[in-house]
1. Can you tell me which residue in segment 318-360 is nearest to A384 (Cα to Cα), limited to those that are without any contact (Cβ under 8 Å) to a residue 24 or more places away in the chain and in contact with a Phe, Trp or Tyr (Cβ under 7 Å, 6 or more places away or on another chain)?
2. Output yes when any residue across segment 366-385 is farther than 28 Å from A266 by Cα, at pLDDT below 95, surrounded by 16 or more Cβ atoms within 10 Å (Cβ to Cβ) and out of contact with any strand residue (DSSP E or B) (no Cβ under 9 Å at 6 or more places or on another chain), and no when none is.
3. Please go through segment 216-256 and pick out each residue that is open to solvent by 40 Å² or more (accessible area, probe 1.4 Å) and either in a helix (DSSP H, G or I) or closer than 20 Å to D139 by Cβ (or both).
4. Checking the conditions here, which among L9, L13 is open to solvent by 50 Å² or more (accessible area, probe 1.4 Å), farther than 18 Å from P88 by Cα and either in contact (Cβ under 8 Å) with a residue 24 or more places away in the chain or aromatic (F, W, Y) (or both)?
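The values are calculated or read from the model by the stated rules, or taken from the named source; none is laboratory data. Not measured: the values here are computed from a predicted model. Reconstructed Cβ throughout: ideal geometry from the backbone, glycine too, with neighbour counts over all protein chains shown. Note: accessible area is taken over every heavy atom of the protein model, side chains too, but ligands, DNA and RNA are not part of it. Shrake-Rupley method; radii C 1.70, N 1.55, O 1.52, S 1.80 Å.
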Amino acid sequence: AAAEAGKKLAAPLVARAAQHAAAAGGNPGDAAVTLLAAELRLVASAIRFLEFPALASPEGGGDGGGEHPAMAVLSAAWPTLSQFNAAPWRALPQVVEALCEVYTRALLCAKHAAAPLLPHLLEALRDIFAQHHHPACADCLATAVEVFSTGGAGGGALGVMAPATVSHVADPAVAEALSNMLLSISQSAHACLSAAPIADRAETARGTFELAQRFALFAPALLLASPALHPLMQIAVAALGTMERDAVRAAVALLSIIVAPGEKAAASTTWQQGRAAVEAFMSSSGEGLVRAALAAGADTCPRHLVRPVAQLLHALQGAYPQPVNTWIVAVVSSPQFPSVAEPAGETERRMFCELALRQPPLPAARWSAMVVDFFLICRKEATADSLIAHQM
């Protein structure tokens, strides 16, 4: 009954969307795009009220034994929705964002019951992203990762992040599909973000990093074993050098959780087995990461991200103390740090290196606060007196 009611509720909206598409033809104008996107968002709003948690769990039919109302609506609408996965519609951000909102609502309502439709969703969003790099595709895919993990929206309370010690994708077929999707998205993003300045594609970078972070939280085994790990970390390091707020924030968050997933997670078998891949990246690119983080905090990153960058540096030092300390001294000792135009004073740079390498080390919170003070000195927002306080 709920499935039929949902289909009746969404049917007129889907029909109007199809009418707008047919009227627009192959060259839709702004008015047609706006109307079409509005109808798709109404479909998403209709699906929003079809959650039915008992049907979304594996015990209640989420294993494919029954049809969830949200899936019934999406299945009925699929012939219409699928045409928007193709040209010319998939090139239009407004349409793709609305389409992804429909898919996201369906995933959040149906959870594990969305498994039968998941391959079609992954294929459609992967192809759209490969062609046009819409960040909305990555956002929707990130929801899918959380929904199908044991610690995500499909396996516990919605929005509650379970520890990475228990989060994984239990269904082998779903795990393989998500792993393949991650590799495809990372390859497309790497090609896109390498071909042009990241600042020109800041939202694509943000969406890619947040997708990878969702894997680190809810399916770390897939991320750590993926060939996508190193390219993702490389473009995250490159993004640290931009002034784009959301891209830098997401890059710092991704790098932080990979380097320091948390005490319990780090002790888990998953992260212990995947540690070699992270260490391989640090061996080849660790100095570049430390250099980029120091330059971002002292010069380029938005002001409100100075503290997260300092905390990233602390995580790096905690995980790899000897090489990171060497790299910190090498970078900060340069008379041109953080920039040729406005270098920091020699006294301040020396004091910072002494405090950063101090034994016994400063407590974590105080170490990060000291780094923030040094960054503010480099930005001409504080004086050397700020560092003197940390010597006491």
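1. R349
2. Within segment 366-385, one or more residues are farther than 28 Å from A266 by Cα, at pLDDT below 95, surrounded by 16 or more Cβ atoms within 10 Å (Cβ to Cβ) and out of contact with any strand residue (DSSP E or B) (no Cβ under 9 Å at 6 or more places or on another chain).
3. A221, H230, Q234, A238, E244, R245, D246, R249
4. Of the residues listed, the single one that is open to solvent by 50 Å² or more (accessible area, probe 1.4 Å), farther than 18 Å from P88 by Cα and either in contact (Cβ under 8 Å) with a residue 24 or more places away in the chain or aromatic (F, W, Y) (or both) is L9.
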